[in-house]
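Working notes, beginning with the structure itself.
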Amino acid sequence: MDRIDFAGVDAELSDEERAVRESVARFVDAEALPLISECFAESRFPHELVKPMAELGLLGSSIEGYACAGLNAVSYGLICQELERCDSALRSFVSVQSSLCMWPIHAYGDEAQRERWLPAMARGEIIGCFGLTEAHGGSDPLNMLTHAKRQGGDWILNGSKMWITNGPIADLAVVWALTDEGVRGFLVERDMPGFSATAIERKLSLRASATGALFFDDVRVPASNLLPGTEVGLKAPLSCLTQARYGIAWGVMGAARACLDESLRYTRERQLFGRSLAATQAVQIRLAEMARKITLGEVLALHLGRRKDRGALRPVEVSMAKWNNCRSAMEIAREARDLLGGAGITLEYGALRHALNLESVITYEGTETIHQLSVGRELTGLNAF
Ligand code: TGC
Ligand code: FAD
């Protein structure tokens, strides 16, 4: 079969959504997949892909105006899925740029901030990062130490952020800091005195993504760089996370698809005990299990996308999908690695690279436990955090 589709997901897409998916798929096959193993091996972010991604309209794709594509939520999900079919690092880059930087500037920024940043970010000329997590515990962001104090019309920012995707390559950081009024969002520019970023080296996961730490040492941030529309508190950063987590629910199904496709190719060709490995009952059951998880995950992602486009999506639904789809993708990637035998431990195949990446994906944007506890809170009405 051409494209695995046991629930008729393809037929539920509009022509425009299918066209978006096909154009991203062509880019991934022609330009991204040929680079990715080397980037992973060398721990290098493929910077040369930023411009082509921007030209395809993949940055801030859900935003109307400001040189953005104005696509719907399902199209954004399909973009994430195709990019993560290549590597979680590419989807991470787009998640952060689109959902965690451009989205809050659009939702909570003033018109001058939107005009200044969004078109340049859509063109890939400005790269953004999102600083919420701190070294002493990311699951509980309200526990943050980074703070901003008013001085005249400006703000003086001190503290640090850890595990920041795009941190070492970003021109702009959306930084969440404690103020006397509560948590607020600031736009911190790379060349502001006192701001620095370092790369986190020797990662075993997301090696093709640039991850770093951000440091703020008496950084003077003008009032014009405060996001004025944010309500004070965690609500604004959590609402950004809802956007990105939704994209992850789609994205990881791309990694899972890549693993199933590779397993199918390999087990069909591999001859053991006088027949193709794929002709054994045990292997077919394992492949069918992988297809079952992808089918359920994609149906859930599509359903959420339609609800998002209607404005009906609730954060707890996104928690359920992020948890379910990351767990399924991780199980599929590990299963695929095993089906490849010894060959599965090399970079000639994608399964272990995806499995290693998914260790980060199941942790960032709220660990699996955090999403389970959000679902538990909805079920019981009791807050266990
Ligand atoms: P809680 O009481 O739940 O909520 C406070 C207020 O916020 C509202 N809210 C949300 N609004 C929009 N979207 C959401 N997802 C929301 N979740 C909550 C909520 O309604 C409430 O509003 P109000 O009016 O009632 O005050 O807040 P809490 O402090 O109890 O939150 C607990 C918890 C654990 C859920 C939260 O702290 C959390 O999500 N922790 C995990 C942190 C996290 O996910 N960090 C991610 C950092 S960024 C990242 O990892 C990027 S990686 C990207 C990549 O490379 O792809
Ligand atoms: P902790 O919060 O210390 O959690 C440790 C363990 O405790 C986990 O298993 C967790 O599930 C568990 N746990 C926590 N609370 C409870 C509880 N109440 N009950 C039971 N178990 C619990 N952050 C950003 O702000 N921006 C980024 O761009 C970004 N990019 C990232 C990229 C990568 C590659 C990685 C790995 C992380 C990134 N993060 C980013 C940080 C990420 O969001 C955090 O790692 C994540 O939120 C978890 O925080 P932590 O690592 O401090 O783990």
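The values are calculated or read from the model by the stated rules, or taken from the named source; none is laboratory data. All figures in this text were calculated on a predicted structure; none of them were measured in a lab. Every residue, glycine among them, receives a Cβ derived from its backbone with ideal geometry; neighbour counts consider all protein chains shown. Calculation scope for accessible area: heavy atoms of the full protein, side chains included, ligands and nucleic acids excluded. Shrake-Rupley method; radii C 1.70, N 1.55, O 1.52, S 1.80 Å.
If Asp217 satisfies all but one of (1) open to solvent by 10 Å² or more (accessible area, probe 1.4 Å); (2) within 16 Å of ligand 1 (Cβ to nearest atom); (3) not basic (Lys, Arg), what's the number of the condition it fails?
In the conditions (1) open to solvent by 10 Å² or more (accessible area, probe 1.4 Å); (2) within 16 Å of ligand 1 (Cβ to nearest atom); (3) not basic (Lys, Arg), Asp217 misses (2) alone.
Output the residues belonging to segment 324-365 that are surrounded by 16 or more Cβ atoms within 10 Å (Cβ to Cβ) and not in a helix (DSSP H, G or I).
Leu340, Tyr349, Gly350, Ile362, Thr363, Tyr364, Glu365
Would you mention how many residues in segment 83-93 are among the hydrophobic types (A, V, I, L, M, F, W, C) and within 14 Å of ligand 2 (Cβ to nearest atom)?
Residues in segment 83-93 being among the hydrophobic types (A, V, I, L, M, F, W, C) and within 14 Å of ligand 2 (Cβ to nearest atom): 3 in total.
Which condition number does Arg207 fail, the rest of (1) touching a helix residue (DSSP H, G or I) at 6+ places or on another chain (Cβ under 9 Å); (2) farther than 26 Å from Thr369 by Cα; (3) surrounded by 16 or more Cβ atoms within 10 Å (Cβ to Cβ) being met?
If we test Arg207 against (1) touching a helix residue (DSSP H, G or I) at 6+ places or on another chain (Cβ under 9 Å); (2) farther than 26 Å from Thr369 by Cα; (3) surrounded by 16 or more Cβ atoms within 10 Å (Cβ to Cβ), just (2) comes out false.
Since Tyr246 meets every condition but one in (1) touching a strand residue (DSSP E or B) at 6+ places or on another chain (Cβ under 6 Å); (2) away from ligand 2 (no atom under 15 Å from the Cβ), which condition does it not meet?
(1)
Have a look at Glu368, Glu378 and point out the one that is open to solvent by 30 Å² or more (accessible area, probe 1.4 Å), in contact with a Lys or Arg (Cβ under 7 Å, 6 or more places away or on another chain) and within 12 Å of ligand 1 (Cβ to nearest atom).
Unique residue meeting the criteria: Glu368.
Can you tell me which residues in segment 222-238 are under 18 Å from Cys129 (Cβ atoms) and more than 13 Å from ligand 2 (Cβ to nearest atom)?
Selection gives Asn225, Leu226, Leu227, Thr230, Ala236.
Out of the helices (runs of 4 or more DSSP H) lying entirely within segment 1-97, which hold 1 or more residues that are of a type in the set (D, E, K, R) and open to solvent by less than 10 Å² (accessible area, probe 1.4 Å)?
By residue number, 15-27, 73-86, 88-94.
Only one of Leu178, Leu187, Leu90 is closer than 19 Å to Gly229 by Cα and within 15 Å of ligand 1 (Cβ to nearest atom). Can you tell me which?
Checking each option against the conditions leaves just Leu178.
Anything in segment 94-127 that is in contact with a Ser or Thr (Cβ under 7 Å, 6 or more places away or on another chain) and within 16 Å of ligand 2 (Cβ to nearest atom)? List them, or say none.
Val96, Ser98, listed by residue number.
Quick one: how many residues across segment 51-72 are away from ligand 1 (no atom under 15 Å from the Cβ) and out of contact with any strand residue (DSSP E or B) (no Cβ under 9 Å at 6 or more places or on another chain)?
12
Residue check: is Thr165 open to solvent by less than 30 Å² (accessible area, probe 1.4 Å), without any contact (Cβ under 8 Å) to a residue 60 or more places away in the chain and within 13 Å of ligand 1 (Cβ to nearest atom)?
No, not satisfied.
Considering Gly229, Gly212, Gly182, Gly233, which residue is modelled with pLDDT under 95, over 18 Å from Leu142 (Cα atoms) and either surrounded by fewer than 20 Cβ atoms within 10 Å (Cβ to Cβ) or in contact with a Gly (Cβ under 6 Å, 6 or more places away or on another chain) (or both)?
Gly229
I need the full set of residues from segment 251-279 which are over 19 Å from Asp29 (Cβ atoms) and part of a helix (DSSP H, G or I), in order please.
Hits for segment 251-279 are Val252, Thr267, Arg268, Glu269, Leu277, Ala278, Ala279.
Would you mind stating whether Ser196 is free of Cβ contacts under 8 Å to residues at least 40 places away in the same chain, more than 13 Å from ligand 2 (Cβ to nearest atom) and touching a Phe, Trp or Tyr at 6+ places or on another chain (Cβ under 6 Å)?
Considered against the rule, which asks whether it is free of Cβ contacts under 8 Å to residues at least 40 places away in the same chain, more than 13 Å from ligand 2 (Cβ to nearest atom) and touching a Phe, Trp or Tyr at 6+ places or on another chain (Cβ under 6 Å), Ser196 comes out as yes.
Within segment 114-143, work out how many residues are more than 8 Å from ligand 1 (Cβ to nearest atom) and either open to solvent by less than 10 Å² (accessible area, probe 1.4 Å) or charged (D, E, K, R) (or both).
Within segment 114-143, residues that are more than 8 Å from ligand 1 (Cβ to nearest atom) and either open to solvent by less than 10 Å² (accessible area, probe 1.4 Å) or charged (D, E, K, R) (or both) number 13.
Is it fair to say Ala32 is more than 15 Å from Ala249 (Cα to Cα) and among the aliphatic types (A, V, I, L, M)?
Spelling it out, Ala32 is indeed more than 15 Å from Ala249 (Cα to Cα) and among the aliphatic types (A, V, I, L, M).
If a residue must be outside any strand (DSSP E or B) and either closer than 26 Å to Ser374 by Cβ or not hydrophobic (A, V, I, L, M, F, W, C) (or both), how many such residues does segment 137-177 contain?
Number satisfying all stated conditions: 16.
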